[in-house]
Amino acid sequence: MRILLTNDDGIAAPGLAAMWHEASQLGQVTVVAPAEGQSATGHGITVGEAVIASHVQVDGRFQGLSVTGRPADCVKLAVREVLDKPPDLVVSGINAGANVGINILYSGTVAAAVEAAFYRLPAVAVSLDFRDKPDYARAAAIAREVITALLRAKLKPGWLMNVNIPVLERGSPRGIRVARQSTLVMHERFVKAADPRGRTYFWLTGGFTDDGEPDSDLRAINEGYVAVTPLRVDLTCNDALDAMRQWEWPTIEGL
Ligand code: MN
C-alpha cells in the first residue's frame, strides 16, 4: 500500500514523525508537507506565485518533500506531480490539538484530507487533543488501529474521515465513538492591548466552553473517546435545496 502523509504543523512537527513511524508499518509512505506551520489556514491554496519543494531529512529517519505552501497545495503537488500514480491512502497529521466542531472548517489538517477527497482518494485526518504534553507515539499507535479498521471497511470515493484522539494524559481512551460534527459556537474574545510602538493589537483567544451535542465529536473527545467523523466535500444544505425549489424566483431573463 502506498500512503501519502502530510500535515498542517509543518514537516518538522513531531506529530508527523510519529505518524510516519506507524504508517510505515502499513505501507510505503511518501511525505509531502508544508515547510512551515499552516495551522488554521483552512483550505487555502497558493495561486499567482510558485511553491518551492525541497527534499529534506526528517527526524533523522526519513526523507520528505518540504513545500512552501498550504496543506492543500501539498496534496495537489503530490497527486499531480510527485507520485507516479495516486496513493491508496492519504493521512494528514497528527495535528497538535483537536479538530472538532466548527474548527474542522478552519483546519489545515482536515483541508489536506478534503483535498484528497476531491480526487476520490481515501483520506484520514488525525488530530490529538492535549493539555500539557502531547504523546504522539501513543496517539499514532491508536491512529494506526483506527486507520486499519477504516481501510478494512472500505471508504467510498469522496468520503473522508476525521479522527480526533482525546487527551491521553488522563489515561487510555475509553473506546471509539462514531460521532457527528458539532456546530457549537466557540466562546472567543480578543485581548486588546498596545504593542511597543503604541499600536492597538487584538489577539484572538478562547475556545469551546461546552461539551457540545450528545452525539458530537466534541462531546466524544471530552468524554475520553476517540471520535471518528465521516465528512464530505459537498456542503449543499439539502433541506434548503428542496424548499428553495418551491420558492418564487424573479424573472431575470433579459436583464
Ligand atoms: Mn495544526
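Do the conditions hold for Leu5, that is, is it surrounded by 15 or more Cβ atoms within 10 Å (Cβ to Cβ), closer than 17 Å to Pro87 by Cα and either within 16 Å of the ligand (Cβ to nearest atom) or aromatic (Phe, Trp, Tyr) (or both)?
When the stated conditions are applied, Leu5 passes them.
For the list (1) within 16 Å of the ligand (Cβ to nearest atom); (2) among the polar types (S, T, N, Q); (3) part of a loop (DSSP other than H, G, I, E, B), I need the number of the one condition that Asn95 fails.
Failed condition: (3).
Say we look at segment 8-22 and pick out the residues that are among the aliphatic types (A, V, I, L, M), part of a loop (DSSP other than H, G, I, E, B) and more than 14 Å from Asp73 (Cβ to Cβ); which of these is farthest from the ligand (Cβ to nearest atom)?
Ala12
Is there a residue in segment 103-112 that is within 15 Å of the ligand (Cβ to nearest atom) and in a loop (DSSP other than H, G, I, E, B)?
yes
Residues that are touching a strand residue (DSSP E or B) at 6+ places or on another chain (Cβ under 8 Å), loosely packed, with under 10 Cβ neighbours inside 10 Å and without any contact (Cβ under 8 Å) to a residue 12 or more places away in the chain: does segment 197-206 have at least one?
Among the residues of segment 197-206, at least one is touching a strand residue (DSSP E or B) at 6+ places or on another chain (Cβ under 8 Å), loosely packed, with under 10 Cβ neighbours inside 10 Å and without any contact (Cβ under 8 Å) to a residue 12 or more places away in the chain, which makes the answer yes.
When only residues in segment 33-71 that are within 16 Å of the ligand (Cβ to nearest atom) and of a type outside the set (Gly, Ala, Ser) count, which is surrounded by the fewest Cβ atoms within 10 Å (Cβ to Cβ)?
Taking the candidates together, the pick is Glu36.
Scan segment 124-135 and tell me whether some residue there is at negative phi, among the small types (Gly, Ala, Ser) and part of a loop (DSSP other than H, G, I, E, B).
No, every residue in segment 124-135 fails to be at negative phi, among the small types (Gly, Ala, Ser) and part of a loop (DSSP other than H, G, I, E, B).
Looking at the structure I just gave you, is Gln25 surrounded by fewer than 16 Cβ atoms within 10 Å (Cβ to Cβ), part of a loop (DSSP other than H, G, I, E, B) and touching a residue at least 24 places away in the same chain (Cβ under 8 Å)?
Yes: the conditions hold for Gln25.
Taken together, the values in this text are just the output of simple stated rules run on the coordinates, not laboratory data. All values reported here derive from a predicted model rather than from experimental measurement. Ideal geometry is used to build each Cβ from the backbone, glycine not excepted, and the neighbour counts take in all protein chains shown.
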